[in-house]
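K.L.:
This is the structure, below, for whatever I ask next.
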Amino acid sequence: MAADGTQQQQSALSAEDPVIQMRNAKVTFDDGESYVMNDISIDVRRNEIIGVVGESGSGKSMFAESMLDAIPDPGVLTGKVEYLAEDGREIDVLGLSKEDLRQMRWEEISMVFQGAMSSFNPTMSVKGHFVETLKAHDYEVEPGLDRAHELLEDLYLEPDRILNSYPHELSGGMQQRALIALSLVLEPEVLVMDEPTAALDLLMQRSILMLLEELQDKYDLTMVFITHDLPLVASLADRLAIMYAFRLVEVGPADEIIANAAHPYTRALLNATPNLDAPLDEMRPIEGSGPAPINLPSGCAYHPRCPLADEQCRSAVPEFQQTDADHAAACYNWEEATDQIPLNYEDMLDDTATSEGDVA
């Protein structure tokens, strides 16, 4: 077990070269009575892809919007959100004026929302969206459109055709890729994506993930990828952050979490996912449902659904415990979870490890 909360967060939750730091970030409604994001502390590391995963209603979108101080009214965001620019500037996101915040949201941190069609003005051509964005931020239009051409080509689209089209003339996959290009036209350092592929078919989802990986490498981007689909993002992300009931419950390298998840919820989520190469008849749905903001249980919010819950779980919120050098879980019983909640594809992982050992 790790010693205390501060020490526990020095490895898995913090970093030597962060680009975004969140400390005790909370989002409340109803005059502070309802939490829709509760006590989030984590560093997003420069040039990494971090996947933020959880069931619907777990607070993932609030996590994304908090990075840009874009919580819709009447929500209230408190705590610390700091953007550490590559040129050394330290920007207190929650202390920015409305104008400075507007500039930062496109030029430093940009966001792609779920469902591209709802992000486009249907009466404006795609080119019009690029021009409007460039002018609003006092960027020169012609060089900006040259960059738009390059980005669209990077995303395997025909620039002239896309720019001269209206959003409704494009397929869903084309719309989403055009929106990604638009979000990058001002050369932000961080790209936050909230369920960017949820409305697309599986083949297009996989294609866009491959393209995102290429973009990240070419432009040295930091990406925050919000999704309910753990295996989808696991193939893309460097790290995973698992959310449950408005809190982070596990953070670690993606391959480590897939092979050796420590939190009972993460293990249950993996066992409930139908496309991790386990037989369908071994998939086990998680009994019950996540709590509502106005009805959070005491202690660990997962305890009503957790087979390992004891009196400590029911009475006190667990601190993060270091399970490995860069892996932490907010669970009192994480050491028992491996044996008590086996993953339904562990045999496959063991076979793979054995094969690799034989080859070596």
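K.L.:
Going through the stretch 303-331 one residue at a time, which ones are basic (K, R) and touching a residue at least 24 places away in the same chain (Cβ under 8 Å)?
P.N.:
The answer is R305, and nothing else.
K.L.:
Can you tell me which of I258, I286 is touching a strand residue (DSSP E or B) at 6+ places or on another chain (Cβ under 9 Å) and under 25 Å from D194 (Cα atoms)?
P.N.:
I258
K.L.:
Being within 29 Å of I20 (Cβ to Cβ), in a helix (DSSP H, G or I), touching a helix residue (DSSP H, G or I) at 6+ places or on another chain (Cβ under 6 Å) and polar (S, T, N, Q) is the requirement here; does Q176 meet it?
P.N.:
yes
K.L.:
For the structure I just gave you, tell me whether R305 is at pLDDT 90 or above and either touching an Asp or Glu at 6+ places or on another chain (Cβ under 8 Å) or crowded, with 20+ Cβ neighbours inside 10 Å (or both).
P.N.:
yes
K.L.:
Now, a different point. What is the one condition in (1) among the hydroxyl-bearing types (S, T, Y); (2) under 14 Å from the mean Cα position of the chain (by Cα); (3) at pLDDT 95 or above that S56 does not satisfy?
P.N.:
(3)
K.L.:
Could you run through the stretch 213-253 and say how many residues are hydrophobic (A, V, I, L, M, F, W, C) and over 29 Å from H303 (Cβ atoms)?
P.N.:
Of the residues in the stretch 213-253, 4 are hydrophobic (A, V, I, L, M, F, W, C) and over 29 Å from H303 (Cβ atoms).
K.L.:
I need the full set of residues from the stretch 70-83 which are buried (at least 18 other Cβ atoms within 10 Å of the Cβ) and modelled with pLDDT of 95 or more, in order please.
P.N.:
L77, V81, Y83
K.L.:
Quick one: L211 ticks every box in (1) surrounded by fewer than 19 Cβ atoms within 10 Å (Cβ to Cβ); (2) assigned to a loop (DSSP other than H, G, I, E, B) bar one, so which box is it?
P.N.:
(2)
K.L.:
OK, next. What are the residues in the stretch 113-130 that are buried (at least 18 other Cβ atoms within 10 Å of the Cβ) and over 19 Å from L211 (Cα atoms), if any?
P.N.:
S119, F120, V126, H129, F130
K.L.:
From the list D154, D194, which one is buried (at least 20 other Cβ atoms within 10 Å of the Cβ) and closer than 28 Å to R46 by Cα?
P.N.:
D194
The values are calculated or read from the model by the stated rules, or taken from the named source; none is laboratory data. It should be emphasised that the depicted structure is a prediction, and the values quoted were computed from it without experimental measurement. Quick reminder, even Gly has a Cβ in these numbers, built from the backbone with ideal geometry, and neighbours come from all protein chains shown.
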